[in-house]
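Structure, as structure tokens:
Derivation of every value follows stated rules applied to the coordinates shown; laboratory data play no part. All figures in this text were calculated on a predicted structure; none of them were measured in a lab. Quick reminder, even Gly has a Cβ in these numbers, built from the backbone with ideal geometry, and neighbours come from all protein chains shown.
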Amino acid sequence: MINKEEFLLKAYKLGIIKFGDFTLKSGIHSPFYVDLRPLASSPELLRELSNHLLYLLKDSQYELICGVPYAALPMATAMSLESDVPLIVKRKESKGYGTKKMLEGIFEENQVCVLVEDVITSGKSLVETIEEVEKEALKVKDIVVVLDRQQGGIELLKNRGYNVFHLFSIGEVIDILYKHSLLSAEEAKKIKEFLEGKPMVSIQKVTRSSYEEKLKVQTHPVAQKLLQIAMQKESNLIASLDVTSSAELLDLAEKTGDQIVAVKLHTDIISDFSSEYVSELKNIAKEKNFLLFEDRKFGDIGNTQQLQFEKGIYKISEWADMITSHVIAGAESVKVFGETTGVVTIAEMSSKGTLTDGAYKAKAIEISEKAGNVIGCVAQSKLPETLLLFTPGVNMTSSGDSKGQQFNTPEKVFKEYHTDFIIVGRGIYASSDPQAEAEKYRKAGWESYKNNV
Ligand code: S5P
């Protein structure tokens, strides 16, 4: 392997970096322009590069390699050939037909994938790639980058908990080229000044609004109540008590009641439902100060949903403070729940292969923001400030189940999604000590919220 400096000098001859006055995609003028694509025209240099990148990853453990499209694809391919680690290919856009997969290749859930990027500026392309890769239940820990333009991208990713290795920074490249008289002192100075004046990407920690601030924005009485309970109890935990007997449910509600802001229910799985059960549950909710959240996930035309909400044996409208509903049937269908029950719409699901892609989520948000009775959404990514974010699929000890569920930690959902409330099911009710476990989740959720506010 030739050394880094020698590699750069050879690569420079291919025209990978140009000096002058360039207008970047962002509209900003830059005194240099970097394009590493010509490296693929030299098999010798591409191989050298791949070995340098692999060397940066010498202490990392990974089972797959993935390049950020398009410039890093040949680099990732070369790394795969040199290391015998399988490659996966990320599409820039879905095919629009067939499987609509965004990742091509053979891989299994929970495999660790290293990402390769040619040039990092803001880190935005990498963040998008990470999201796609993680959506397929792969794990990303390490990222390797050929050139850092020193504009905050690396810090952004490190802030999100990823290890980022880079072969060169632009400052280093300038020094090497200057040392070899490929750049005049004046040019080098101009570029350094440009770099110093620029963290173009803000690396400040992105913060979220506090519950106190949200209380000023949220006008629905149920949203206000929920936020008040959260502040009083220092909890953002919703226990999803998915058990099938009323006795078991009441027992769990009693045990976890002090730790939570709401109990989420699937009333239709209770085998011995009765009105006595409902009144007992209401009593516990009152005594322990939490809300009743029926996760009915309505998904029909307005008229049918209204019947399901008000009639039948459950009479949900009579006792539920909050309900979940899909928006698949359009805006009108959500109105039937009236003004007093807090509606939480399903904008994005936690399960593998869900159909709630970005376009669906955007439409669900639009409907939710316009509806006066919607207080927030169930989702797995950020929402506008006007809506409260409820995130299920939270578990501190498991990454998923055999039926498509995908779990995240409380820390991750507060940091990355700015969630407001975590929904925990099996993490609590399936444990041997649900009370202690609920306290663990309450504490983890509250601390994660505090760390990001
Ligand atoms: O996308 C979703 C939406 C919901 S409401 N994914 C989910 O898992 N849920 C619900 O959250 C699900 O129906 C279950 O009641 C709970 C998650 O339970 P766990 O045992 O997987 O934590």
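Once the Cα-Cα distance is subtracted from the 0.36 nm per residue extended length, the Ala430 to Glu134 segment shows a gain of 104.0 nm. Computed from Cα atoms, the angle from the helix 358-370 axis to the main principal axis of the chain rounds to 50 degrees.
Taking other Cβ within 10 Å of each residue's Cβ, how do Ser181, Ser209, Ser325 sort, fewest first? Let's see the in-between values first.
Values: Ser181 8, Ser209 14, Ser325 28.
Ascending Cβ contact count within 10 Å gives the list Ser181, Ser209, Ser325.
Bridges between two residues of the stretch 211-451, per DSSP, are antiparallel at a rate of about 5%.
Just rank Met79, Met102, Met349, Met231, fewest to most, by other beta-carbon atoms within 10 angstrom.
Numbers: Met79 26, Met102 19, Met349 22, Met231 15.
Ordered from fewest to most neighbouring Cβ atoms within 10 Å, Met79, Met102, Met349, Met231 come out as Met231, Met102, Met349, Met79.
Panel order for Asp59, Asp321, Asp268, by other beta carbons found within 10 Å of each beta carbon, from fewest to most: Asp59, Asp268, Asp321.
Report, in debye and to the nearest 20, how large the dipole of the stretch 4-197 comes out about its Cα centre when Lys and Arg carry +1 and Asp and Glu carry -1 on their Cβ.
Values: 25 positive and 30 negative charges, 87 e Å.
Dipole about the Cα centre, nearest 20: 420 debye.
Axis angle, to the nearest 10 degrees, between helix 4-13 and the longest C-alpha principal axis of the chain: 80 degrees. Projecting the Cα atoms of Asn373, Ser42, Leu281 onto the dipole axis of the chain, where Lys and Arg carry +1 and Asp and Glu carry -1 at the beta carbon, places Ser42 farthest toward the positive end.
Taking Cα atoms only, the orientation of helix 221-233 departs from the longest principal axis of the chain by about 80 degrees. Note: relative contact order over the stretch 340-453, using C-alpha pairs below 8 Å and six or more positions apart, is 22 percent. For the peptides 247-256, 35-44, 62-71, 420-429, residues were scored by their other Cβ atoms within 10 Å and the scores averaged per peptide; the highest-first order is 420-429, 62-71, 247-256, 35-44. Scalar couplings 3J(HN,Hα) for the stretch 163-172, obtained by applying the Karplus form with A = 6.51, B = -1.76, C = 1.60 to θ = phi - 60°, are 8, 10, 10, 10, 7, 9, 9, 4, x, 5 Hz; x denotes Gly and Pro. Considering only alpha-carbon pairs that sit under 8 angstrom and 6 or more positions apart, the relative contact order computed for the chain is 10 percent.
For the chain, what is the mean residue ellipticity at 222 nm derived from helices alone (per DSSP H run of n ≥ 4: -39500 (n - 2.57); sum divided by total residues; nearest 500 deg cm²/dmol)? Rounded to the nearest 500, it is -12000 deg cm²/dmol.
First measure r as the distance between the Cβ atoms of Ile106 and Ser42, then evaluate 1/(1 + (r/R0)^6) with R0 = 41 Å and state the FRET efficiency to the nearest 0.05.
Numbers: r = 30 Å, r/R0 = 0.72.
It comes to 0.85.
Mind putting a number on the dipole of the stretch 252-365 about its Cα centre? Charges go on the C-beta only, +1 for Lys and Arg and -1 for Asp and Glu, and I need it in Debye to the nearest 20.
Details: 13 positive and 17 negative charges, 64 e Å.
The calculation lands at about 300 debye.
Please give the charge dipole size of the chain, origin at the Cα centre, charges +1 on K and R Cβ atoms and -1 on D and E Cβ atoms. Round to the nearest 20 debye.
Numbers: 55 positive and 64 negative charges, 195 e Å.
The calculated dipole for the chain is roughly 940 debye.
Close amide H pairs (under 5 Å, H built 1.01 Å from N) link Gly342 with Met322, Ile323, residues at least 5 positions away or on another chain.
Would the stretch 211-451 count as rounded, prolate or oblate if I go by the C-alpha gyration tensor, calling it rounded below 1.5 in a/c and otherwise prolate when a/b exceeds b/c, oblate otherwise? Because its axes are fairly even, with a/c under 1.5, the stretch 211-451 counts as rounded. Taken over the Cα atoms of the stretch 1-126, the convex hull encloses 136 Å³ per residue. At full extension, Thr23 and Ala247 could sit 73.8 nm farther apart than now, given 0.36 nm per residue minus the alpha carbon distance. Taking 0.36 nm per residue of separation and subtracting the current Cα-Cα distance, fully stretching the chain between Lys124 and Ser275 would add 49.1 nm. Counting other Cβ atoms within 10 Å of each Cβ, which GluC sites (Glu not before Pro) in the stretch 67-158 have at most 13 and sit in a DSSP loop? Here the sparse-neighbourhood loop sites are Glu93, Glu108, Glu109.
The label point for Ala331 and the one for Glu366, both projected 7 Å from the Cα toward the Cβ, are 0.9 nm apart.
Annotation for the stretch 325-417: trypsin sites (Lys or Arg not before Pro) lying in DSSP loop with at most 16 further Cβ atoms inside 10 Å of their Cβ are Lys352, Lys382, Lys403. Placing unit charges on each Cβ (+1 for Lys and Arg, -1 for Asp and Glu) gives the chain a dipole about its Cα centre, and among Gln224, Pro434, Ala320 the Cα reaching farthest toward its positive end belongs to Gln224.
With both partners inside the chain, how many of the DSSP beta bridges are antiparallel, as a percent to the nearest 5? Mind dumping the intermediate values first?
Details: 8 of 55 bridges.
Counting only bridges with both partners in the chain, antiparallel ones make up about 15 percent.
Label sites at Thr340 and Glu82, each approximated as a point 7 angstrom past Cα along Cα to Cβ, lie 6.9 nm apart. Within the stretch 1-82, the trypsin sites (Lys or Arg not before Pro) that combine a DSSP coil assignment with at most 11 other C-beta atoms in a 10 angstrom radius are Lys25, Lys58. For Lys370, the lysines whose Cα comes closer than 28 Å to its Cα, not counting residues fewer than 8 places off in the same chain, are Lys214, Lys216, Lys225, Lys264, Lys297, Lys311, Lys315, Lys335, Lys361, Lys382, Lys415.
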